[in-house]
Amino acid sequence: MKKYFVISLAVLFLVCGCGSKNEALFKQAVRLNAAGDISGALKTYNAILRNDGKYLPALINRAIIYEQMREYKMAEEDYKKAYEINPRHLELLNNMGSFNISQGRPLSAIYYLNQALDIKPNYFTALLNRSAAYNAIDKIESAAQDINDAVAISPSSSAALEQRALINLRRLYVIEAVEDLTKALNSGPYNAKNYYRRGIAFKQARKYANAMADFDTAIRLKPDYVDALYARAQLHFKNVDHYSALADVNTIKSINNEFVPAYELAGDINAIEDPVQAVANYLAARKLNPNNARRYNAKIALMRTEEGRRRVITRTFME
């Protein structure tokens with residue numbers, strides 16, 4: 001999740017009551033960060049914290065920079081120090097929740113986000129983040145409640161609409177997902193990912209022509225969009241357009257030659273007319289993904305007979 005922590009210098013000085021030297025350095029660090037000089041900003045925050053190790057805004061902003069640099073251990077140390085200084089700082093609690101989601105610790109994220117929402121129940125970004133954390137632990141109804149509350153606060157937020165759509169897809173509320181993604185696309189019509197997501201929703205609703213149109217648009221906007229290419233290849237295969245399906249699969253392999261599903265789908269496409277080529281693709285998939293070796297071995301065994309090859313095709317069509 002992105003960070004939504006925005007510093008207001010006027011409020012910050014009232015809260016901190018710190019010396020003018022640190023105030024000047026902090027302004028400089030913020031300017032450097034805004035200009036894209038992350039290294040310079042980090043050095044300046046380091047200087048502030050050498051002067052005063054409890055300068056809260058510098059600790060929080062340095063933690064964010066460490067996250068950007070993927071120095072996650074140091075980011076966590078700064079967040080924890082900041083939390084010890086002020087455990088009721090709203091933006092800090094939200095950022096700690098977001099950080100823990102990114103580190104695969106949704107339960108810890110919920111712990112901090114609960115605190116933020118106890119203080120401010122309508123805190124939009126904390127609701128977004130807690131919804132994502134609940135989603136990660138399969139508490140889908142809790143995730144849905146939080147994201148619905150977030151959308152009620154900010155109905156035009158693309159981030160909230162996108163997240164609600166993904167949760168609704170998990171709940172099999174396909175029409176609602178399509179509606180939210182359409183709203184998001186109305187405000188951001190060049191977002192390839194949202195066309196792909198809406199295509200997936202249309203596919204779940206068995207509206208294959210709509211799905212194909214969205215996958216086409218996603219690929220026009222982002223020609224190397226592997227997930228959209230794969231989804232389109234699947235639809236081409238269902239439409240018995242094997243030439244177009246193989247063309248998309250080969251494009252995927254040229255972009256990412258370790259994308260395992262492309263090899264399996266290539267095997268399925270070739271199963272009837274070229275079982276030798278099908279086996280070669282299943283072997284490649286097995287080599288890249290040995291954990292699913294039994295699946296690929298089963299398909300290889302089915303290539304020995306025409307009935308087996310038809311079973312593979314039938315099963316793929318049903319997926």
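With all pairs of different alpha carbon atoms counted, what Kirkwood hydrodynamic radius in Å does segment 74-187 show?
Numbers: mean 1/r = 0.0697 Å⁻¹.
This gives a value of 14.3 Å.
Calculate the dipole size of segment 133-186 relative to its Cα centre from +1 charges on Lys and Arg beta carbons and -1 charges on Asp and Glu beta carbons; express the result in debye to the nearest 20.
Computed about the Cα centre, the dipole is about 80 debye.
Put +1 on the Cβ of every Lys and Arg and -1 on every Asp and Glu Cβ in segment 114-216; which of Ala213, Leu127, Leu117 then has its Cα farthest towards the positive end of the dipole?
Ala213
Kirkwood hydrodynamic radius (Cα pairs, Å) of segment 172-236?
11.4 Å
What relative contact order, as a whole-number percentage, does segment 187-319 give when Cα pairs under 8 Å and 6 or more residues apart are counted? Let's see the in-between values first.
Details: 152 pairs, mean separation 19.4, N = 133.
Reported relative contact order: 15 percent.
How large is ³J(HN,Hα) for each residue in segment 85-93, as worked out from phi by the Karplus curve 6.51 cos²θ - 1.76 cosθ + 1.60 (θ = phi - 60°), to whole Hz, x for Gly and Pro?
6, 8, x, 10, 7, 4, 5, 4, 4
Based on the alpha-carbon set only, what is the convex hull volume of segment 253-319 divided per residue, in Å³?
78 Å³
With the convex hull built on the Cα atoms of segment 101-161, state its orientation-averaged projected area in nm².
About 3.7 nm², averaged over all directions.
Can you put Leu283, Leu93 in order of accessible area, largest first, using a 1.4 Å probe? Write down the numbers at each step before the final one.
Working: Leu283 70, Leu93 0 Å².
Ranking Leu283, Leu93 by accessible area, largest first, yields Leu283, Leu93.
Of all the Cα-Cα pairs you can form in segment 147-288, what percent are over 23 Å apart?
Beyond 23 Å sits 41 percent of the P(r) for segment 147-288.
Measure off 7 Å from each Cα along the Cα-to-Cβ vector at Arg170 and Lys21, then give the distance between these two points in nanometres to one decimal.
So the label points at Arg170 and Lys21 sit 5.0 nm apart.
Find the relative contact order for the chain and round it to a whole percent, using C-alpha pairs within less than 8 Å whose residues are 6+ positions apart.
Worked out over the chain, it gives 7 percent.
Largest first and in whole Å, what are the equivalent-ellipsoid semi-axes of the chain based on the Cα gyration tensor, each being the root of 5 times an eigenvalue?
Details: eigenvalues 450, 98, 65 Å².
Ellipsoid semi-axes (Å, largest first): 47, 22, 18.
Roughly how large, in nm² to one decimal, is the mean projection of the convex hull of the alpha-carbon atoms in segment 216-306? Walk me through the numbers before you get to the answer.
Working: hull surface 22.5 nm².
For the Cα atoms of segment 216-306, the hull's average projected area reads 5.6 nm².
Starting from the Cα of Lys222, draw a straight line to each of the aspartates and glutamates and keep only those under 14 Å, dropping any in the same chain fewer than 8 residues away.
Once the sequence-local aspartates and glutamates are set aside, what remains near Lys222 is Asp214, Asp248.
With θ set to phi - 60° and the Karplus curve 6.51 cos²θ - 1.76 cosθ + 1.60, what are the ³J(HN,Hα) couplings of segment 121-135 in order, to the nearest whole Hz, using x for Gly and Pro?
Working through the residues one at a time gives x, 9, 6, 4, 5, 5, 5, 4, 5, 5, 4, 5, 5, 4, 4 Hz.
Any chance you could check the Cα centroid distance between segment 42-109 and segment 181-206 for me, in angstrom?
Cα centres, segment 42-109 to segment 181-206: 35 Å.
For segment 122-212, would you read off the P(r) tail past 15 Å as a percentage of all alpha carbon pairs?
Value for segment 122-212: 55 percent of Cα pairs lie more than 15 Å apart.
Quote the charge dipole size of segment 40-129 about the Cα centre in Debye, to the nearest 20; the model charges only the Cβ of Lys and Arg (+1) and of Asp and Glu (-1).
Using Cβ point charges on Lys, Arg, Asp and Glu, segment 40-129 gives about 120 debye.
Using helices alone, I'd like the mean residue ellipticity at 222 nm for the chain: each DSSP H run of four-plus residues gives -39500 (n - 2.57), total over residue count, nearest 500.
Using -39500 (n - 2.57) per qualifying helix, the result is -24500 deg cm²/dmol.
With every protein chain kept in the model, how would you rank Ser254, Ser244 by accessible area, 1.4 Å probe, largest at the top? Let's see the in-between values first.
Numbers: Ser254 95, Ser244 30 Å².
Ranked list, largest accessible area first: Ser254, Ser244.
Using 5 Å bins from zero, what percent of all Cα-Cα pairs in segment 67-135 falls into each bin?
Per 5 Å bin, starting at zero, the Cα-Cα P(r) for segment 67-135 comes out as 4, 20, 30, 25, 17, 4, 1 percent.
The values are calculated or read from the model by the stated rules, or taken from the named source; none is laboratory data. All values derive from a computational prediction rather than experimental measurement. With ideal geometry, Cβ positions are generated from the backbone for all residues, glycine too; neighbour counts draw on all protein chains shown. Note: areas computed on protein heavy atoms with side chains; ligands, DNA, RNA excluded. Shrake-Rupley method; radii C 1.70, N 1.55, O 1.52, S 1.80 Å.
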